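Written out below as structure tokens is the structure these notes cover.
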Amino acid sequence: QVQLVESGGGLVQPGGSLRLSCAASGSISSIYTMAWYRQAPGKQRDLVAGITSGGLTNYADSVKGRFTISRDNAKFTVFLQMNSLKPEDTAVYYCNGQVIVTPNRVFGSTWGQGTQVTVSS
């Protein structure tokens, strides 16, 4: 079994910063893509940023220049550094792993439980 566990959410003032972490656990050999999504109340879950095992990244237009995604392949961990936060960044942030390889199975898509980020004064 594979699990993704997020941490680092919280309450921050506009203009502030937060760093989210997501650690994958289980008998993992590799994870192709790790990504962050977010879902605000009443809205759909949208991609925030993604990164491949080779380091290729992509970002939603709304976060370009403010957020940075990175990963530690050896520890199967992905990070999201969020700077210059705005109230509209308020959402539950979810970690996602695509093509997670274990000795007995390949998992297509796995989600974490989510972590709340609230940007408010």
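Compute the separation of the alpha-carbon centres of segment 69-112 and segment 3-21 and state it in Å as a whole number.
About 13 Å separates the Cα centre of segment 69-112 from the one of segment 3-21.
Using the Karplus curve 6.51 cos²θ - 1.76 cosθ + 1.60 with θ = phi - 60°, work out ³J(HN,Hα) for each residue of segment 26-31 in order, rounded to whole Hz, and write x for Gly and Pro.
Computed from phi, the couplings for segment 26-31 are x, 7, 8, 9, 7, 9 Hz.
Check I28: other-chain or 5+ apart residues with amide H under 5 Å from its amide H, H built from backbone geometry?
For I28, no residues qualify.
For a paramagnetic label modelled at 7 Å from the Cα of L56 toward its Cβ, which residues of segment 18-41 fall within the zone defined by backbone nitrogen distances under 12 Å?
33
Place a point 7 Å from Cα of S120 in the direction of its Cβ. Which residues in segment 38-69 have their backbone N less than 13 Å from it?
Hits in segment 38-69 for S120 at 13 Å: 41.
For K75, list the lysines whose Cα falls under 29 Å from its own Cα; do not include residues on the same chain fewer than 8 positions away.
Cα-Cα hits under 29 Å: K64.
Antiparallel as a % of all DSSP beta bridges within the chain, to the nearest 5?
Expressed as a percentage, antiparallel bridges in the chain total about 95.
Within the chain, what whole-number % of the accessible surface is contributed by carbon and sulfur, with the 1.4 Å probe and all protein chains included in the calculation?
Solvent-exposed carbon and sulfur of the chain make up 49 percent of the total.
Tell me the net charge near Q113. Cut-off is 15 Å between Cβ atoms, Q113 excluded, with +1 for each Lys or Arg and -1 for each Asp or Glu.
Once all neighbours under 15 Å are counted, the net charge is +1.
Quick one: Karplus J couplings for segment 57-72, per residue in order, coefficients 6.51, -1.76, 1.60, θ = phi - 60°, nearest Hz, x for Gly and Pro?
Along segment 57-72, the couplings run 10, 9, 9, 5, 4, 5, 10, 4, x, 10, 10, 9, 9, 8, 8, 10 Hz.
Given a 1.4 Å probe, how much area per residue of the chain is accessible, in Å²?
Using a 1.4 Å probe on heavy atoms only, each residue of the chain averages 52 Å².
The values are calculated or read from the model by the stated rules, or taken from the named source; none is laboratory data. Just so you know, these numbers come straight off a predicted model, no measurement behind them. Here Cβ is always computed from backbone atoms with ideal geometry, including for glycine, and neighbour counts include all displayed protein chains. Side chains included, ligands, DNA and RNA excluded: accessible areas come from the protein's heavy atoms. Shrake-Rupley method; radii C 1.70, N 1.55, O 1.52, S 1.80 Å.
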